[in-house]
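Undergrad: This is the structure, below, for whatever I ask next.
None of the figures in this text is laboratory data; all of them are computed from the coordinates on show. Because the structure is a prediction, the values reported are computed rather than measured. Neighbour counts are summed over all protein chains in view; Cβ atoms, including those assigned to glycine, are modelled from backbone coordinates with ideal geometry.
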Amino acid sequence: MIKTDALIIGAGPTGLFTAHQLKLIGLNCEVVDNLDKIGGQCIELYPDKPIYDIPAVPECTGEELTNNLINQLKPFDIKFHLNERVEEVKKENDNWLVKTNNGTSFSTPNVIIAGGVGSFEPRKFSPKECEKFENKSLFYSVKDKKIFTGKTVSIFGGGDSALDWAVELSKECSVNLIHRRDEFRGAQATIDKVHQLAKDGKINLFTQYQMASVKGDKNLESIDIKHDNNEIKNLKTDYVLGFFGLIMQLGPIANWGLNIDKKTIEVDTEKFETNQKGIYAIGDICNYPGKLKLILSGFHEGALAARACFKLARPNEKYRFEFTTSSKTIKKRLGVKGD
Amino acid sequence: MAKITYITHDNQKHEVEVQNGLTVMEGAVQNDIPGIDADCGGGMACATCHVYVKEDWFNKIPKKEDGEEDMLDMAFEPKTNSRLSCQIVVSDEIDGLEVNIPSKQA
């Protein structure tokens with residue numbers, strides 16, 4: 001059981017800056033994120049796209065913004081729990097007991113939800129029967145490529161993940177690559193390679209096709225794919241891989257007893273607290289009259305939520321407002337020399 | 001102003017007047033039409049405002065720009081008449097547009 005003054009759910013820009021605010025005012029915190037890396041939507045959705053409305057930063061990419069926020073956190077020792085999704089939040093005496101899907105548990109007076117539009121989950125095949133084979137012979141990511149050796153693998157998708165795996169797996173297995181249109185969106189070099197491999201007969205390319213159904217009783221035997229003109233083709237296959245990107249889902253947050261309206265959580269604008277004392281929601285996931293889904297709004301919301309955390313984490317101390325430019329205490333925390 | 005008909009997957013018709021300049025996605029969100037999530041708020045960074053445009057309208061409305069087709073690869077059950085409704089701007093020319101909303105967005 002990890003005891004902390006505040007637990008932040010979500011390592012996007014809002015969560016990162018809020019961690020900084022908490023450490024500045026002398027609280028400790030830990031951060032949980034379902035993705036395998038820090039940065040949230042900025043890293044997952046638009047690492048290379050420029051952002052023009054961060055105060056005092058005329059232009060930066062999602063990746064640059066993330067790296068700058070990580071650098072800003074350097075003076076502090078903050079534990080990140082990546083690849084973990086918070087499953088359960090339960091009241092236990094005055095604290096919240098928080099559990100992740102990996103079995104990590106936290107006890108904290110403050111839970112800050114900075115979850116964007118929820119956690120990123122792979123987008124799945126639409127035919128219902130696909131679920132039956134999920135994680136047995138149908139996957140949305142590759143954990144161990146050795147299981148495919150010598151087998152037939154049908155890969156769906158038209159982006160980098162689909163193309164990269166088609167190229168890689170074509171060395172050791174028989175590969176079908178299926179995509180809903182003729183154009184691929186990926187690195188040009190990889191696209192060229194896929195076309196070359198298709199010409200050489202190393203990859204069977206099926207474009208303008210989509211998954212229609214999976215067949216097999218206990219084990220997956222074959223799949224039906226459907227052309228835009230409704231023609232159906234049956235492909236014998238041992239494995240199926242789907243790479244349709246990630247979608248954002250609210251997930252378990254919906255079950256924590258919070259006031260939720262259209263995937264957003266209602267908060268007040270003084271502490272950004274939800275209807276549950278000690279649970280805050282900040283950034284894109286929160287909602288209040290006038291809410292703007294801007295990164296800068298997330299920073300402001302986090303700064304105020306951090307002050308509210310102080311009251312619950314240090315009930316016997318008085319919070320004193322200080323500027324980073326003049327406060328000796330803050331400078332000590334930052335590890336910079338005072339004047 | 002344009003009259004736009006949103007047809008949900010259970011065949012419910014929702015007819016609304018949408019102001020010029022808004023997008024078909026915004027018209028749906030502002031009128032509480034179910035089935036258009038628009039998670040990213042119109043930034044073409046998700047595919048949760050996906051609609052099917054009736055064939056006769058599909059060729060009449062402004063064409064897809066770069067990036068929209070890429071995002072549609074990630075939509076739920078995309079078809080040849082799929083569009084992201086955040087990329088269709090409302091004008092007098094599209095008065096009478098009908099769009100079908102998929103059974104789900106994710």
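Undergrad: Relative contact order of segment A:124-244: what whole-number percent is it, with Cα pairs under 8 angstrom and at least 6 residues apart?
TA: Rounded, it is 33 percent for segment A:124-244.
Undergrad: A further question on this structure: Quick one: of A:151/A:193; A:124/A:146; A:49/B:54; A:146/A:236; A:263/A:331; A:124/B:64, which pairs are farther than 30 Å apart, Cα to Cα?
TA: A:49/B:54; A:263/A:331
Undergrad: Let me know the Kirkwood hydrodynamic radius for segment A:28-101, please, with Cα pairs as the basis and the value in Å to one decimal.
TA: About 14.3 Å, per the Kirkwood formula over Cα pairs.
Undergrad: What size of dipole, in debye to the nearest 20, comes out for segment A:124-244 about its Cα centre when the only charges are +1 on Lys and Arg C-beta atoms and -1 on Asp and Glu C-beta atoms?
TA: For this selection, approximately 220 debye.
Undergrad: When the dipole is taken about the Cα centre of the protein assembly as shown, and only Lys, Arg (+1) and Asp, Glu (-1) are charged at their Cβ, what size is it in debye, to the nearest 20?
TA: 1660
Undergrad: Now, a different point. Counting Lys and Arg as +1 and Asp and Glu as -1, each charge on the Cβ, what is the dipole of segment B:2-100 about the Cα centre in debye, to the nearest 20?
TA: Numbers: 8 positive and 20 negative charges, 35 e Å.
Roughly 160 debye for segment B:2-100.
Undergrad: Simple spin-label model, 7 Å along Cα-to-Cβ: residue B:9 to residue A:254 in nm?
TA: 1.4
Undergrad: Now a separate question. Based on DSSP H runs of at least 4 residues, each adding -39500 (n - 2.57), what is the mean residue ellipticity at 222 nm of chain A after dividing by all its residues, to the nearest 500 deg cm²/dmol?
TA: -6500 deg cm²/dmol
Undergrad: Towards the positive end of the charge dipole of chain B, with charges on Cβ (+1 Lys, Arg; -1 Asp, Glu), say which of B:49, B:38, B:4 has the farthest Cα.
TA: B:4
Undergrad: Let me understand chain A better: what is its radius of gyration from the alpha carbons, and its Dmax, in angstrom?
TA: According to the Cα coordinates of chain A, Rg and Dmax are 23.8, 76 Å.
Undergrad: Taking the Cβ-Cβ separation of residue A:333 and residue B:44 as r and a Förster radius of 45 Å, what is the calculated FRET efficiency to the nearest 0.05?
TA: 0.65
Undergrad: Could I have the simple spin-label model distance between residue A:215 and residue A:277, label points 7 Å from Cα toward Cβ, reported in nm to one decimal?
TA: Label at residue A:215, label at residue A:277, 6.3 nm between them.
Undergrad: Quick one: divide the alpha-carbon radius of gyration of chain B by 2.2 N^0.38 Å and tell me what you get.
TA: Against the compact-globule rule of thumb, the ratio is 0.93.
Undergrad: Let me ask something else about it. Just flag the GluC sites (Glu not before Pro) in segment A:111-197 sitting in loop per DSSP whose Cβ has no more than 16 other Cβ atoms within 10 Å.
TA: Passing sites in segment A:111-197 are A:172, A:183.
Undergrad: Now, a different point. So if I take the alpha carbon set of segment A:205-339, get Rg, then get Rh from the Kirkwood formula, what is the Rg over Rh ratio?
TA: Rg/Rh for segment A:205-339 comes to 1.28.
Undergrad: Now for a different question. In segment A:97-172, which trypsin sites (Lys or Arg not before Pro) are in a loop and have at most 16 other Cβ atoms within 10 Å, using DSSP for the loop call?
TA: Hits after loop and neighbour filter: A:124, A:136, A:143, A:151, A:171.
Undergrad: So which GluC sites (Glu not before Pro) in segment A:186-291 end up in coil per DSSP with only 13 or fewer other C-beta atoms within 10 Å?
TA: Working: sites: A:221, A:231, A:266, A:270, A:273; in loops: A:221, A:231, A:270.
Hits after loop and neighbour filter: A:231, A:270.
Undergrad: Something else: Along the charge dipole of chain A, pointing to its positive end and built from +1/-1 on Cβ of Lys, Arg, Asp and Glu, which listed residue (A:242, A:330, A:255) has its Cα farthest out?
TA: Positive-end residue among those listed: A:330.
Undergrad: Another one. At q = 0.16 Å⁻¹, what log₁₀ I(q)/I(0) does segment A:124-244 have when each alpha carbon counts as one equal point scatterer in the Debye sum?
TA: One equal scatterer on each Cα of segment A:124-244 leads to -0.69.
Undergrad: Could you work out the relative contact order of chain A? I mean the mean sequence separation of Cα pairs under 8 Å and 6+ apart, divided by the number of residues, in percent.
TA: Numbers: 684 pairs, mean separation 66.3, N = 339.
RCO, chain A: 20 percent.
Undergrad: Compare the Cα positions of A:103, A:19, A:39 along the charge dipole of the protein assembly as shown (+1 at Cβ of Lys, Arg; -1 at Cβ of Asp, Glu; about the Cα centre) and return the one farthest towards the positive end.
TA: Sorting the options by dipole projection puts first A:103.
Undergrad: How well do other chains shield peptide B:68-79, expressed as the mean number of their Cβ atoms within 10 Å of each residue Cβ?
TA: Whole-number average of other-chain Cβ neighbours for B:68-79 is 5.
Undergrad: Here's a follow-up. How do B:45-57, B:16-28 rank on mean C-beta neighbours within 10 Å, highest first?
TA: Details: B:45-57: 21.2, B:16-28: 18.7.
Final packing ranking: B:45-57, B:16-28.
Undergrad: To two decimal places, what compactness ratio does segment A:1-55 give when its Cα radius of gyration is scaled by 2.2 N^0.38 Å?
TA: 1.28
Undergrad: Got the relative contact order for chain B handy, in percent, Cα pairs under 8 Å and 6 or more residues apart?
TA: It rounds to 42 percent for chain B.
Undergrad: For chain B, what does -39500 (n - 2.57) per DSSP helix run (n ≥ 4), summed and divided by total residues, give at 222 nm, in deg cm²/dmol to the nearest 500?
TA: Value at 222 nm, helices only: -3000 deg cm²/dmol.
Undergrad: Determine, from the Cβ-Cβ distance of residue A:187 and residue A:93 and an R0 of 56 Å, the FRET efficiency 1/(1 + (r/R0)^6), rounded to the nearest 0.05.
TA: 0.55
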